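Engineer: Submitted below is the structure of interest, expressed as structure tokens.
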Amino acid sequence: MHDKHQEFFDLMAAEWDLMFTAEDLERLSHIVESLGVEAGSDILDLGCGTGILFDMLRRKVGGAGTVTGVDFSFQMVRRAHRNFPHHNVNVVDADASDLPFDDDTFDMAVAFSAFPHFTHQQRAIDETHRVLRPDAKFFIIHLISSRELAEVHHEMGGVVEHDAIPPEMKLRKMFNSSKFADVSIKDHPGLYLASAINVK
Ligand SMILES: C[S@@+](CC[C@H](N)C(=O)[O-])C[C@H]1O[C@@H](n2cnc3c(N)ncnc32)[C@H](O)[C@@H]1O
């Protein structure tokens, strides 16, 4: 199935790694520190792009764990492969709303700067729920608030013009309908961090 975002992100891929400042990386690293990633765990990175989170995550999971990135932009996946040829990193070209993994495969899922772009957000949540093990957490992360993000996308226009994080009540309902529990949402200037726990 073709999605208009695929072409957009394919075109962005070559320059993508230049988008991040040293400050972004430092803030991201602090956030990753706070997620409670355990050595030996299997982590799913949805909409992984070129793999900006991979190094932070793979060092935490160590040799006994894995980091699996999923992205439906072939060009992003190609660069992610090239950037991280490590034995504990996998990159898969797939849509977040149709994940090619067995049930109960991962101990944690993260979507950094990606969830608003998913065309089928409820299906992506449902699929994430399916592939997570019981009690695993799903994190949606941005380095800006939902309002700031909507403004950025609006200014960019084109295919991302209306891409947004659902309003808090709607996102809570979406998580609940997938049987995620303990939903927490922090949304203030400079940070958006939603988390939910998978109850099977
Ligand atoms: C803004 S980029 C963020 C990439 C990466 N997480 C980062 O922060 O560098 C959003 C990514 O989500 C991917 N994406 C958008 N919709 C997707 C979908 N339905 N399934 C898989 N990946 C998707 C895009 O191809 C793109 O690489």
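Engineer: Non-local amide H neighbours of VAL37 (under 5 Å, H modeled in plane, Pro and chain starts lacking H): which ones?
Structural biologist: none
Engineer: What does the charge count around VAL91 come to, taking other residues whose C-beta lies under 13 Å from its C-beta (Lys +1, Arg +1, Asp -1, Glu -1)?
Structural biologist: Working: positive: ARG58, ARG78, ARG79, ARG82; negative: ASP45, ASP71, ASP93.
For residues surrounding VAL91, the net value is +1.
Engineer: Defining a contact as two alpha carbons under 8 Å apart and six or more residues distant in sequence, what relative contact order in percent does the chain show?
Structural biologist: On the way: 383 pairs, mean separation 35.6, N = 200.
Relative contact order, the chain: 18 percent.
Engineer: Which of HIS142, VAL159, ALA13 sits farthest toward the positive end of the charge dipole of the chain, with +1 on the Cβ of Lys and Arg and -1 on the Cβ of Asp and Glu?
Structural biologist: Farthest along the dipole direction, towards plus: HIS142.
Engineer: Can you compute the helix-only [θ] at 222 nm over the chain? Use -39500 (n - 2.57) per DSSP H run of at least 4 residues, normalise by all residues, nearest 500 deg cm²/dmol.
Structural biologist: Numbers: 7 runs with 71 residues, N = 200.
Calculated from helices alone, the mean residue ellipticity at 222 nm is -10500 deg cm²/dmol.
Engineer: Sticking with this one: If packing is taken as the mean number of other Cβ atoms within 10 Å per residue, what is the order of 83-93, 12-22, highest first? It would help to have the intermediate numbers written out before the result.
Structural biologist: Details: 83-93: 16.4, 12-22: 12.3.
Ranking, from highest mean packing down: 83-93, 12-22.
Engineer: Roughly what % of DSSP beta bridges within the chain run antiparallel, to the nearest 5?
Structural biologist: On the way: 13 of 32 bridges.
So the antiparallel bridges amount to about 40 percent of the total.
Engineer: Could you name the aspartates and glutamates in cross-link range of LYS137, using Cα to Cα under 13 Å and dropping any fewer than eight places away on the same chain?
Structural biologist: Cross-link targets: GLU38, ASP42, ASP45, ASP104, ASP107, ASP182.
No value in this document is a laboratory result; all are computed from the given coordinates. For clarity, every value in this text was computed on a predicted model and none was experimentally measured. Cβ sites come from the backbone with ideal geometry, for glycine too, and all protein chains shown count toward neighbours.
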